[in-house]
Amino acid sequence: MLLDIIDIVAPVFLVVGAGYLSVKSGLFTAESIDYLMKFAIQIAIPCLLFRATSTIDLVSAFDWRMLLAYYGAACMSFAVAFFVVKNYFNRRSGEAVGIAFAALFSNLVLLGLPISERAWGADNLAPEFALVSVNAPICYLIGISTMELLRADGRGAADTLKVVLKAMFRNSMMIGIGLGFIVNLSGLTLPESMIGALDLLARASLPVALFALGGVLTRFALSKSLGEASLISVLSLVVQPAITLLLGQLLQLPESVTRSIVLMSAVAPGLNAYLFASMYNRGLDAAASTVLLSTVLSVFSVSAWLVFL
């Protein structure tokens, strides 16, 4: 059992570690890592998501119970994080939202998908791709709306809606997902040559993204915000998946679906947590520390959840 878990988790984090060491050793520069991440995020991963959403069985993949279990747990984690950061760590409301967003937004694409693929197999990822397809819109809508309502220099409702829509329609991954849904719903058949090219790019997406993620992590450090980072890490890696598991059982989800969404909820917060804090310049220190600490700790927490599941 233990060796099986190591075989699932270790390759993913070894690739992340290789990217980290490549930058630390000077083999890769920060600029080259940025180009790799740009290729992964703007080209390769959108191709992966396009192929997944264009072929997914929409009726079976988008079970409302699954979405309620996953995002119900994510919202609870976000609310607890906001309350504790604001009242215990004495952060202002805007800072508390910027930090708590990390407890809402899990790294489903760069960590969730590759780990799930190794755990359950490439042909059993319909729930995972369903979550990925709606994760950014849902999480950004919650995060931006909360921030705008609570921060002192917030926008009005109309301007807030414009910010959300602009962020969605300019996101290359959302474009890939949207085009995939169009192909899926229309029944359009793509040329085999195009499918072959898309599949080549899709296969490159996760290894390149994982390597680049390791390089990006060299820019973060565990700062004085270690307390907040530890709180968010525990909520993200332990509490949120536990609540997801409970809700999945209460809603009588199929065991395979519950297993899938619990593992997805157990991965570390993504770089979007830092980007969200940067967008508002609120809680940047804690967000950066959280991304680094939780990614390191998720090696052990994901392994533990896999054993349990």
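Going toward the positive end of the dipole of the chain, with +1 on Lys and Arg Cβ and -1 on Asp and Glu Cβ, which of LEU237, LEU198, ALA44 do you reach last?
Sorting the options by dipole projection puts first LEU237.
When N counts the residues of the stretch 2-308, how does its alpha-carbon radius of gyration compare numerically with 2.2 N^0.38 Å, as a ratio? Display every interim value, and only then the final one.
Working: Rg = 18.6 Å, N = 307, 2.2 N^0.38 = 19.4 Å.
Its radius of gyration relative to the 2.2 N^0.38 Å reference: 0.96.
Can you run the Rg to Rh ratio on the stretch 234-309? Use alpha carbon positions and the Kirkwood inverse-distance Rh.
Using Cα coordinates only, the ratio equals 1.06.
Per residue, how much space in cubic angstrom lies within the convex hull of the C-alpha atoms of the stretch 14-130?
158 Å³
Over the chain, calculate the relative contact order: mean separation of alpha carbon pairs under 8 Å at least 6 apart, over the residue count, as a percent.
It comes to 36 percent, rounded to a whole number.
Of SER260, GLY283, SER172, which is farthest along the charge dipole of the chain in the positive direction, counting Lys and Arg as +1 and Asp and Glu as -1 at C-beta?
Comparing the listed Cα positions along the dipole, GLY283 ranks first.
Restricting to DSSP H runs of at least four residues, report the calculated mean residue ellipticity at 222 nm for the chain, -39500 (n - 2.57) per run over all residues, nearest 500 deg cm²/dmol.
After summing the helix terms and dividing by the residues of the chain, the value is -24500 deg cm²/dmol.
Can you give me the span-like helices of the chain, meaning DSSP H runs with 24 Å or more of Cα extent along the axis and Kyte-Doolittle mean at or above 0.5?
Qualifying helices: 2-24, 64-87, 126-150, 192-217, 284-308.
Could you list CYS75, CYS47 in order of exposure, starting from the residue whose Cβ has the fewest other Cβ atoms within 10 Å? Please report the intermediate quantities before stating the final value.
On the way: CYS75 17, CYS47 20.
By the 10 Å Cβ count, ascending: CYS75, CYS47.
Could you list ILE142, ILE232 so that the one with the fewest beta carbons within 10 Å of its beta carbon is first and the one with the most is last? List each step's numbers first, then the result.
Details: ILE142 18, ILE232 33.
Fewest-to-most Cβ neighbours within 10 Å comes out as ILE142, ILE232.
Which whole-angstrom value gives the distance between the alpha carbon centres of the stretch 275-309 and the stretch 12-67?
16 Å
To make sure I understand, if each residue's beta carbon is the centre and we count other beta carbons within 10 Å, what order do SER260, SER230 fall in, fewest to most?
Listing SER260, SER230 from fewest to most nearby Cβ atoms yields SER230, SER260.
Please name whichever of LEU111, ALA73, ALA122 sits farthest to the positive end of the charge dipole of the stretch 64-123, dipole taken about the Cα centre and charges placed at Cβ: Lys and Arg +1, Asp and Glu -1.
The Cα lying farthest towards the positive end belongs to ALA73.
Every read-out reported here was derived from the displayed coordinates using simple, explicitly stated rules and does not represent laboratory data. Only a predicted model underlies this, so the values are computations on that prediction, with no experimental measurement involved. Note that we place each Cβ from the backbone using ideal geometry, even for glycine, and neighbour counts take in every protein chain shown.
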